[in-house]
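Peer 1: What follows is a structure written as C-alpha cells; I'll ask about it next.
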Amino acid sequence: MEILEIIKARDPQEREFHQAVSEVVESIKPVLDRNPEYRSANIVERIVEPERVIMFRVPWVDDQGKVHVNRGYRVEMNSAIGPYKGGLRFHPSVNLGILKFLAFEQVFKNALTTLPMGGGKGGSDFDPKGKTPMEIQRFCQSFMIELSRHIGPNTDVPAGDIGVGAREIGYMFGMYKKLRNEFTGVLTGKRLNWGGSLIRPEATGYGAVYFSAEMLNVTGKTLEGTTSLVSGSGNVAQFTMEKLIELGSKPMTFSDSSGYIYDERGVDRDKLEFIMQLKNVRFGRVKEYAEKYPEAVYTPVDPARDYNPLWDHKADCAFPCATQNEINGKDAANLVKNGVHVVSEGANMPTTPDGVDIFLDSHLLYGPGKAANAGGVSVSGLEMTQNSMRMAWTREEVDQRLQIIMRTIHKMCLDTAEQYGTPLNYVNGANIAGFVKVADSMLDQGIV
Ligand code: GLU
C-alpha cells in the first residue's frame, strides 16, 4: 500500500496532515528512486509517524469561578537532528490532525534552518479571544503543569504560534521554573529581561520578506517601488509590513477573522503603529482602521463567497500571513491574473494543493511556508544558542545571522530544485533538501 493510503486509513479525519504529507511525498519521489537505502530502511513510513504524542486534560477556572476543561497536546515528531522544536497554538480549531500537520512541516523547516533542531508542535483548543488576563494566566499555568513533565532544554523546546505570544510564554515559563526550580532555555519567544532574543518577535515577518527579496533577486528585481498584499494582522503580518515599508514596498491589505482592509495609499509607519496598538494592546478588530483612515475600505467576511477578495487586487507581491489554507485555487488564479509575481508564505501551509499547482504552473515565484517563514524558528534557535552561552547578542548581530540563514535556505532550495530537474520550484527544493538531511540522520542513528 502507498504511504498516503496507509496514513489515511489509519487516521481518516486528519485532512491537513494528509495534505502536508502528500506534498512532501510527491516531491521526494525522485530522491527515493535515486537512493534505494531510504526505501529499504522504510524512512518514509517512519518519518510520517510522530515519535511521541502527548494529549492531556487542561482544567482551569474562569473569573466567575466556573470550571472549564480544554484539551492540551504536544506532538514530538522527529528528533533526528536536534531536540523537538516548534510552537504552541491556542485556537479553537486546534486538534490532533492540525498539530500533526504543523509538526510534520516543522521537521523539514527546521532542517532547512542550518541549526540543530528537530520538529514538534503543540497547543490547545482553548480560545484566548475574550478571556481576561487572569484567565489566560490560569490557563497557561494549568497547561504547563502537565507539559513540564515532557519538555526540557535538551528534549523539547516549545515557543509561540497563533494565540501564544510573549505574555503566554511568560506565564508558562514562570510555572515551569517554579515546578522544576530551574532557570533554563526551555521555551523560546521569551521577553528580553529573562532570556529572550532581540529580533525574535520580528523574525518570521522579516524572514518572509528577506526570502521574497532573494527570490526577486534571481530575476534581477527588488522590492523597491512594488505593492504588496498581506493577510493577517498578528505578529507575522505586522513585521512583514514593517520590513516591506523599510525595503520600499507598499503593503495595501491586512485582515483578521472578521474581514479585511484595502488601503490603496498603503500602510505607512504611522498607520502600522496604529495597527500594532489596535491588535496588541487594545485587542480590537481591523474594521477600526477604516474608521480612523477613511481612505481605506473594510470588507467583512462573506461565508457565501468561495474566494477571498483580499487576493483579488492588482499588486506585485503577496504575503499570506494568517493561517492554513487561506488561498484556494480561485484565489491563486486571481493572484496570477492580477500580475502578482512573487508569493512568500509567512503562515504555515496557507495555500491549498490546487492553489500550489496554479502557482507552480505559472511564472510566479512561489516560496512555500516551510522555507519562507523559517526565520521565526531560526531566531528561536539563536535564542537557544544565546541561552546556552548565557549571553545576549545585539540586534545587529541577530539580524545579520537571520539574513544569512534566509539567504542560505533560499540557495539550498534553489540549488536542490535545479539538481532534481525542476528549476525555480521552491516546493521541491524545500521538501527534498529538508528530507535528505533528516533521512540521512535517521539512517545514521539506526532503527529507533
Ligand atoms: N510557530 C513558529 C513556526 O511555525 C515558530 C516555532 C518556534 O519558534 O519554535 O515556525
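Peer 1: Consider segment 380-407. How many of its residues are in contact (Cβ under 8 Å) with a residue 24 or more places away in the chain and not in a helix (DSSP H, G or I)?
Peer 2: Selection size over segment 380-407: 3.
Peer 1: Consider segment 160-177. How many of its residues are away from the ligand (no atom under 12 Å from the Cβ) and not aliphatic (A, V, I, L, M)?
Peer 2: Of the residues in that region, 8 qualify.
Peer 1: Inside segment 260-379, counting only helices (runs of 4 or more DSSP H) that do not spill past its ends, which hold 1 or more residues that are among the small types (Gly, Ala, Ser)?
Peer 2: 287-292, 329-337, 353-361, 369-372
Peer 1: So which pairs qualify, if the first residue must be in segment 343-359 and at positive phi, the second must be crowded, with 24+ Cβ neighbours inside 10 Å and of a type in the set (D, E, K, R), the Cβ gap must be under 8 Å, and the two must be at least 6 apart or on different chains?
Peer 2: As it stands, the answer is 349/105, since those pairs meet every condition given.
Peer 1: Any residue at all in segment 164-180 that's charged (D, E, K, R) and touching a Cys at 6+ places or on another chain (Cβ under 8 Å)?
Peer 2: There is at least one residue in segment 164-180 that is charged (D, E, K, R) and touching a Cys at 6+ places or on another chain (Cβ under 8 Å).
Peer 1: Just wondering, is there one or more residues in segment 124-138 that are buried (at least 24 other Cβ atoms within 10 Å of the Cβ) and either within 19 Å of the chain's Cα centre (by Cα) or more than 16 Å from the ligand (Cβ to nearest atom) (or both)?
Peer 2: Within segment 124-138, one or more residues are buried (at least 24 other Cβ atoms within 10 Å of the Cβ) and either within 19 Å of the chain's Cα centre (by Cα) or more than 16 Å from the ligand (Cβ to nearest atom) (or both).
Peer 1: Still on this structure, I have one more. Please pick out the residue among 354, 361, 399 that is surrounded by fewer than 20 Cβ atoms within 10 Å (Cβ to Cβ) and under 19 Å from the mean Cα position of the chain (by Cα).
Peer 2: It is 399.
Peer 1: If you take the residues of segment 193-214 that are away from the ligand (no atom under 13 Å from the Cβ) and within 19 Å of residue 236 (Cα to Cα), which of them is surrounded by the fewest Cβ atoms within 10 Å (Cβ to Cβ)?
Peer 2: Looking at residues that are away from the ligand (no atom under 13 Å from the Cβ) and within 19 Å of residue 236 (Cα to Cα), I get 198.
Peer 1: Follow-up question, since we're still on this one. Does residue 410 meet the test of being over 16 Å from the mean Cα position of the chain (by Cα), more than 16 Å from the ligand (Cβ to nearest atom) and either aliphatic (A, V, I, L, M) or part of a loop (DSSP other than H, G, I, E, B) (or both)?
Peer 2: The answer is no for residue 410.
Peer 1: Out of (1) under 18 Å from residue 382 (Cβ atoms); (2) away from the ligand (no atom under 11 Å from the Cβ), the odd one out for residue 117 is which?
Peer 2: (2)
Peer 1: Is at least one residue of segment 148-155 crowded, with 16+ Cβ neighbours inside 10 Å, touching a helix residue (DSSP H, G or I) at 6+ places or on another chain (Cβ under 9 Å), closer than 26 Å to residue 310 by Cα and among the small types (Gly, Ala, Ser)?
Peer 2: No, that holds for no residue.
Peer 1: Answer with yes or no whether residue 231 is more than 30 Å from residue 133 (Cα to Cα) and touching a Cys at 6+ places or on another chain (Cβ under 7 Å).
Peer 2: Here the answer is no, as residue 231 does not meet what is asked.
Peer 1: Out of the helices (runs of 4 or more DSSP H) lying entirely within segment 1-76, which hold 2 or more residues that are closer than 26 Å to residue 439 by Cα, of a type in the set (Gly, Ala, Ser) and out of contact with any Gly (no Cβ under 9 Å at 6 or more places or on another chain)?
Peer 2: 15-34
Peer 1: So if I check each of 94, 107, which one is within 15 Å of the ligand (Cβ to nearest atom), among the β-branched types (Val, Ile, Thr) and assigned to a helix (DSSP H, G or I)?
Peer 2: It is 107.
Peer 1: What are the residues in segment 339-353 that are out of contact with any strand residue (DSSP E or B) (no Cβ under 9 Å at 6 or more places or on another chain) and away from the ligand (no atom under 16 Å from the Cβ), if any?
Peer 2: Listed by number, the residues that qualify are 339, 353.
Peer 1: Separate question: Within segment 148-198, can you find the residues that are among the hydrophobic types (A, V, I, L, M, F, W, C) and over 16 Å from residue 89 (Cβ atoms)?
Peer 2: Across segment 148-198, the qualifying residues are 173, 175, 179, 183, 186, 192, 194, 198.
Peer 1: Sticking with this structure for a sec: Out of 180, 149, which single residue is within 25 Å of residue 193 (Cα to Cα), away from the ligand (no atom under 15 Å from the Cβ) and among the charged types (D, E, K, R)?
Peer 2: Criteria check complete, one pass: 180.
Peer 1: Could you say which residue among 90, 104 is closer than 14 Å to residue 169 by Cα, surrounded by 24 or more Cβ atoms within 10 Å (Cβ to Cβ) and at pLDDT 95 or above?
Peer 2: Exactly one residue qualifies, and that residue is 90.
Peer 1: Hey, among 74, 89, which residue is among the basic types (Lys, Arg), closer than 27 Å to residue 426 by Cβ, within 19 Å of the chain's Cα centre (by Cα) and within 16 Å of the ligand (Cβ to nearest atom)?
Peer 2: Result: 89 is the single residue among 74, 89 that is among the basic types (Lys, Arg), closer than 27 Å to residue 426 by Cβ, within 19 Å of the chain's Cα centre (by Cα) and within 16 Å of the ligand (Cβ to nearest atom).
Peer 1: Tell me, please, whether a residue that is at pLDDT 95 or above, of a type in the set (Lys, Arg), more than 26 Å from residue 219 (Cβ to Cβ) and surrounded by fewer than 21 Cβ atoms within 10 Å (Cβ to Cβ) can be found in segment 300-322.
Peer 2: yes
Peer 1: Say whether the condition of being surrounded by fewer than 23 Cβ atoms within 10 Å (Cβ to Cβ), modelled with pLDDT of 95 or more, within 30 Å of residue 188 (Cβ to Cβ) and among the aromatic types (Phe, Trp, Tyr) is met by at least one residue in segment 266-281.
Peer 2: yes
Peer 1: Could you tell me how many of the residues in segment 248-259 are assigned to a strand (DSSP E or B) and loosely packed, with under 13 Cβ neighbours inside 10 Å?
Peer 2: 0
The values are calculated or read from the model by the stated rules, or taken from the named source; none is laboratory data. What you see is a predicted model, and the numbers here were worked out from it, not measured in a lab. With ideal geometry, Cβ positions are generated from the backbone for all residues, glycine too; neighbour counts draw on all protein chains shown.
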